[in-house]
Structures are given as structure tokens and as C-alpha cells.
1. Which far-off residues, 5 or more places away or on another chain, put their amide H under 5 Å from the one on Gly219, with H placed in the peptide plane?
2. Calculate, for Trp6 and Thr270, the FRET efficiency according to 1/(1 + (r/R0)^6) with r their C-beta to C-beta distance and R0 25 Å; round to the nearest 0.05.
Amino acid sequence: MCGRHWDNLSVCAWTSSAAFNGKPEWGSIDADTLSPAPFSFSGGKWLNTSSGVIDALTGAPAPFGADAYGTGTYPQFHSVFYAGPDDTHLFRCTYDTDGNHPAASCQRWNVSDDSAIGSTISGRGFAENAEWDLPYLIMADVLPKSAGYQQSAYSWQTGELVWTQSLDGSAAVPVGDAIFVGEQATQDYGSLWQEDSSYLVAADTGDIRWSGNVAGVLGVSQGIAYFYTFGDVSGEGQVVAYDLASSAKTPLWVLDGPASDATLIMSGSTILALSSSQRQLWSLSV
């Protein structure tokens, strides 16, 4: 492992023989891999590795979290990792599965003396792509239900249960002051793999603000939510806008996507589409 500073990417500021400790890539009952990507927390201050937590700036061992690791090949995985928005609001989490019986747990953690605080939160897994740096909630308990899943949100500050919802989706992606719930979320591309029942819920209460059949969410700006739908095999898909304050299920407008391979992202009040095959970038101000 090599740590590089942004102002000098040509050399390693530090090196480590430890491997990255990936978080569970799938979060509910069918985990089949651990993400090999770097998994930092506390605002990028610390980094989970296969040999404990290290300082992301220096590569030195952290004063806590020496037991962090991730190992296994399908269908058996075992992982211990730390997550949270800052040093005073951290959780120590575990994830174990033999392919059929996954188990997950999280417990608030005191970094000053490397000790547990309060009781343990237990469940079958984590919401897929749950945003570990979300400052006020942790999605830590996704349970299969006959009508879908149960999502439970816990406070980083206290570890207390904030809200529970039974929604047909195992993925959770934060969008401003809301959370988008659907199937197999892919936050990097602002979409889901499946165009199915989806929900936008208030992050602090779990109340449903919108529901419908879309592939994913791009973002929310000034009370308008912008979603993405897949087209047919040769189609480009569509961007769909809904007014969250309206009870109407009809969209404000629908716009065809510019290319079948376009990657859509939203920044502020601008939606960008990038096509690698056409080598073009489109911009839409909303």
C-alpha cells in the first residue's frame, strides 16, 4: 500500500505492507464480495486495513482499532472495520457470513481508550452502499421481509434507533437531507441496476417523501428530485423530475438521455452526462 499526498503524487509519502480492508460490497442477505477499495472514515483521517487502522496521512498505526481486518473468499467472509463521521462518533462493526447465514453488528467506540460504549446493534447486514460518513444516521440492520426488507437507522451520536421502515429495497444512498432506497444502488453512477420500486425517505424520520419505479436518483435541488430510468436495449434512458411537495405522481418533465452509455451525475443544480464512446460531455442546468 502506498500513500501519496495530493501536492506530490509522483512519490509515496508512506508505504505499508497491509492490504486494504474492504467493507461488504453487498449489504443484506447475499454478500458475495468485499470491496477492495480504500475504506477511510472520520473525514478521511483514518484508514481500515487488513492489519488494523492506520493514519491516512502518515501510514502509522492508529491508537485504536488494531483488530481491523477483512478476509475470505466466496462464500465465506469475515470483516472488522471502523466507521463514522468524526472521532467522537465512531462505530466498530463486524460482518461474517458463510454464504447462507450472514451476521452483522456495530457498537459505538471510544478512540481515546479503544473501548466499547453502550450496547451492540445486531442484524443480518448493512444497507448496500450505505454512506458511512453520513453525519446523523447509520443504516445497520437490513432484514428480509415477505414484502421486501426492513431498514433501520441508528444515530452516530448515541447508537439509538432513529427510525425503521419496511421498504422493498436493500440499498440506501444519501441524497441531501433524504435517503434513496431501492435495489443494488450504484452511487458513483447515480443509478440502480434494477428499475423497480424505489423510495425517497426523510433521513431524520424515515417518512416516505416519494415512491415510484425508477432506476436511481441523481439528486435533489430546491424541492425537485431528479431520477433516472433505463431505456430499452437501444435506448438512452430518461431523466425524470418530480416535485416532492406535490401529491401528484406525474413528473414535472421527462428528458431523453443523450447517449446509451452516458454516465449521469448531478452537482448542485447541474446534471452532467458523459459518454465514453462518443467522447462528449453534456450539461443541463435545472
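Taken together, the values in this text are just the output of simple stated rules run on the coordinates, not laboratory data. Model, not experiment: these values are computed from the prediction. Methodologically, a virtual Cβ is constructed for each residue, glycine included, from the backbone with ideal geometry; neighbour enumeration extends over all protein chains shown.
1. Tyr226
2. 0.55
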